[in-house]
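Please treat every number below as a calculation from the coordinates, not as lab data. All values derive from a computational prediction rather than experimental measurement. Cβ placement follows ideal geometry from the backbone for every residue including glycine, while neighbour counts extend to all protein chains displayed.
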Amino acid sequence: MKKNKSSYELEKNRKTKALALGSIMAFLIAISPYLFYLYESFPQEQVWETFFFTFKTSHYSTLYVAAWNVMNKFVPLMLLIIWFFTCKHWWYHVILIPISMYIFQLVSSLNDDIRYIDEFEIYYIIPVMMIVIPIVYLIRLKLFDKVVHGIDLDKIDKELKEYQDKERDLYNETNS
């Protein structure tokens, strides 16, 4: 009886955590337009002095423009990250490509040393694409073979292992 109760409690805790995490994700998605329009609360000046801090931008004409540029990168990045972690499709790894693009754009928009923004980031995501695209293609091939052709890849792997074992045994017998 205790075993069932503890498994019930574990299942209940898992569902509670899933509900809490889902609620946080839904809340972030719901407030994303408001997060985007936070840039409107920034002043149309280069220096913003408050009681807590002084913030100055030398790269942008005003803090308003800087905040607009950052929010244009941050909000889509946040939504893509949520999509990546909640997606149940086989191709969800492809979402890493636009995520990496927005990360590079966000970093370049925050970096005052960069002269040109949103021009060369495409070259930085080529290594990410070189890793993600083959992985997704291999997953697709395995799924296509299994679903469309009815090929059981585990069965094929098992048969290959048996064949290799027989070959190794035969080789060992001839060399003994």
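List of remarks:
- The chymotrypsin sites (Phe, Trp or Tyr not before Pro) of the stretch 1-68 that DSSP puts in a loop, and whose beta carbon has at most 13 other beta carbons within 10 Å, are Phe51, Phe52, Phe53.
- For the chain, a simple Cβ point-charge model (Lys and Arg +1, Asp and Glu -1, everything else neutral) yields a dipole of about 1020 debye relative to the Cα centre.
- Dipole of the stretch 2-118, positive end: most advanced residue of Ile29, Thr50, Thr86 [Cβ charges, Cα centre]: Thr86
- Checking (i) 10.1; (ii) 9.4; (iii) 21.6 against mean projected area of the Cα convex hull in nm² calculated from these atoms, the matching label is (iii).
- Calculated [222 nm] ellipticity per residue, helices only, for the chain: -24000 deg cm²/dmol; basis is -39500 (n - 2.57) per DSSP H run with n ≥ 4, divided by all residues, nearest 500.
- Of all stretches in the chain that contain no trypsin sites (Lys or Arg not before Pro) in a DSSP loop with at most 15 other Cβ atoms within 10 Å, the longest one is 1-87.
- Under the span-like rule (Cα at least 15 Å along the axis, Kyte-Doolittle mean at least -0.5), DSSP H helices of the chain: 2-36, 63-86, 96-110, 126-147
- Estimated from the Cβ-Cβ distance and a Förster radius of 25 angstrom, the FRET efficiency linking Glu159 and Leu138 is about 0.80.
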